[in-house]
Amino acid sequence: MAALEGLVKNSAELMRLFREREQVAVDLLRLVEAGLAAVEPRSLTRRKVVLKNNLLAVDGFSLDLGGFRSVWVIAVGKAAPGMARGLMDVLGGRVDKCVVVAPRGSDLSMIGGSLHVYLSSHPIPDESGLRASEALLEMLKDVSKDTLIIFLVSGGASSLLPAPAEGVSLSDKAEATRLLLSSGATIEELNIVRKHLSSVKGGQLARAMSPARVLSLILSDVPGDKLEVIGSGPTLPDPSTFRDAYEVLVRRNVWTDLPRAVRERIEAGVAGRLEETPKPGDPLFERVTNVLIGSVGDALEAVVEAGSRLGYRGLILSRCFEGEASSLGLLFGTMALELERRPGELFALGGESTVNVRGRGRGGRNQELALAALTRLKEGCRNIVASFGTDGVDGPTDAAGGVACSEQLAIIRSLGLNPRDYLETNDSYTFFKKVGGHIVTGPTGTNVGDVVLILSPKN
C-alpha cells in the first residue's frame, strides 16, 4: 500500500469504506495509479519523442535539427512543466530558450535550468495569464526563419494563455467563460467561443510565431482528440466561425447575459466586419506541424493492462464519452448492476462530462457522475463505479472524483440522507464528505480528461 498512499491521498478512507472487502479497494487504487502513471507528462514525452544524432522523431514525423540556428521550447497547459522537462531530457543542451505557462500551484521543481516561468489561472482567466500572454508575444518578436519552436500544449491552455481580442477586456472574457461553464457547455463549444474572443487562439498564435518553423506536440484532454479544440488550437487552422460562436451562446441560453463588448464583437464578426480566424489551407500553416503525443487512450490501455495483471477481464468501452454528468452516472450505475452476473469484469471509459449548474453546492463533474451512479445501485450489489479527473482536480474542490458502492447505502440510511437532494443542488462534494468515497490525488501535473471505471469484483 505504500506506493498507493503517495498517489491516492485518502486511500485510508477508501479502505475503511470497503472494510469488509479490502481487496476491492486495493485493486481500485492500483487501477487509478496505473492510469495516471501512463500519462505522467515527463515520462510520456520521453517515450514519444526520440533524438538520434540531429534527427528528432515523433510518431512517424522527423525533423533535422541541424538546419536551425536556435531551438525554443514553449509549453502551455496543466502538463506544461512535465512536458517541458521531458523534452529537455531528450534535447539536452540544444534548447536555447524555454518558456513555461502553467497553473498556479504546479510543481516546478522538476524543470530546472534557465527558463521563463509564468503561473496563471484556470479555469477562469485572470491578470496573471494576461501578463504571461503579453510576455510570450513580446518574446516571439525575436524569432527568425532559422528558429525552431517546439510548442507543447495540454489541457488548460485556453484559460492559462488569455489574450483578449481588440475591444474585449479580460473581465469580459472571464465572464463569458464563467457563463458557459455554468451552462453545461462542452469543451468544444467553450473553445469555439474562446477562439473568437482571442488574439492567439484558433491558429492565431501560429501567426505570431511566424516565420519560425513550428512543431506542436499535443497532449489531448478533448473527447475524440480533435486537435483544433485542444487548448483552443493555437497553432491549428480553425474550421469554426463567428456564426458558430453565436449559435453556441444562443443554444446555451447565455447570449443576453454576456458583457456588451462580447456581444458586439460576435455580432460584428457574424456581419463580416471582422477578420475570421485562420482557416484550413491558409499558407500560414505551411511551416507548422501538429502531432498528437498522448490522450486518455493511453490511460485506459494502462488501466486494462493493470486489470489483467490483477485477474480482471478488461474492456475499453469508450475513449470519447460526452454528456451531462448525472445522466451518464445513471447509465453507468445501471451498467454496474448488469455486471452482477459477470464477476471479474472491468469496463474502462474516457471522455468528459458536463454539469448544468442549478444549485449552489460544491462539487465537480466526476463527483456528480459518481453520485448519480449511486442512486442506481442496490443493497448487496458488489460492483462499483469510480470516476476521476486525470488532472486531480474536480471542480472547485480538493477531490479528483468519487466512488459509488453499495457500502454507502447503509451509511445514507443511518444519516437520513437523500442523494437526489444533493444532485439537485450540485452538492456532490458535501455528500461524499459525509458518507465517504472521495478519490483524492492532489494536482497530478497532467490532463487527458476523465476516466470512469466500472468494476465487478472477482469473487
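The values are calculated or read from the model by the stated rules, or taken from the named source; none is laboratory data. Values in this document were obtained by computation on a predicted structure and should not be read as measured data. Note that each Cβ is placed from the backbone with ideal geometry, even for glycine, and that neighbours are counted across all protein chains shown.
Odds and ends about this structure:
- Figure legend. Inter-residue proximity from the range 255-268: first residues at pLDDT 95 or above, second residues acidic (Asp, Glu), beta-carbon distance below 6 Å, spacing 6+ or different chains. Indicated pairs: Pro259/Asp172; Pro259/Glu175; Ala261/Asp172; Val262/Asp172.
- Just one residue in the set Leu369, Leu339, Leu331, Leu349 is over 25 Å from Val229 (Cα atoms), among the aliphatic types (A, V, I, L, M) and at pLDDT 95 or above; that residue is Leu331.
- Residue within the range 129-137 that is crowded, with 20+ Cβ neighbours inside 10 Å and under 26 Å from Val296 (Cβ atoms) present: yes
- The single condition among (1) farther than 23 Å from Ser353 by Cα; (2) touching a strand residue (DSSP E or B) at 6+ places or on another chain (Cβ under 8 Å) that Val168 does not satisfy is (2).
- Qualifying residues in the range 199-237 (those that are part of a loop (DSSP other than H, G, I, E, B) and of a type in the set (S, T, N, Q)) - the one surrounded by the most Cβ atoms within 10 Å (Cβ to Cβ): Thr235
- Test: residue in the range 190-210 that is in contact (Cβ under 8 Å) with a residue 40 or more places away in the chain and over 29 Å from Arg263 (Cβ atoms): yes
- Filter result for Asp427 (over 25 Å from the mean Cα position of the chain (by Cα) and more than 24 Å from Val76 (Cβ to Cβ)): no
- Boolean, Leu409 is in the same structural domain as Arg16 (by TED's automatic domain parsing) and either charged (D, E, K, R) or without any contact (Cβ under 8 Å) to a residue 60 or more places away in the chain (or both): yes
- Residues being outside any helix (DSSP H, G or I) and either at pLDDT below 95 or surrounded by 22 or more Cβ atoms within 10 Å (Cβ to Cβ) (or both) - total across the range 169-198: 6
- Condition check for Thr289: among the polar types (S, T, N, Q), buried (at least 22 other Cβ atoms within 10 Å of the Cβ) and more than 30 Å from Glu345 (Cβ to Cβ): no
- Among residues of the range 305-340, those that are surrounded by 22 or more Cβ atoms within 10 Å (Cβ to Cβ) and β-branched (Val, Ile, Thr), counted: 0
- Among the candidates Gly105, Gly66, residue that is farther than 22 Å from Thr289 by Cβ and at pLDDT below 95: Gly105
- Contact annotation: residue pairs with Cβ atoms under 8 Å, 6 or more positions apart or on different chains, pairing a residue in the range 426-440 that is under 10 Å from Ala399 (Cα atoms) with a partner that is among the aromatic types (Phe, Trp, Tyr) and outside any helix (DSSP H, G or I), are Ile439/Phe388.
- Inclusion of Ala386 among residues that are assigned by TED's automatic domain parsing to the domain that holds Ser318, more than 24 Å from Asp298 (Cα to Cα), touching a residue at least 40 places away in the same chain (Cβ under 8 Å) and touching a strand residue (DSSP E or B) at 6+ places or on another chain (Cβ under 9 Å) is not warranted.
- Selection count, the range 437-459, where residues are within 29 Å of Val229 (Cβ to Cβ) and touching a strand residue (DSSP E or B) at 6+ places or on another chain (Cβ under 6 Å): 7
- Applying the condition of being in contact (Cβ under 8 Å) with a residue 60 or more places away in the chain and not in a strand (DSSP E or B) to the range 45-66 and asking which residue is nearest to Val448 (Cα to Cα) yields Thr45.
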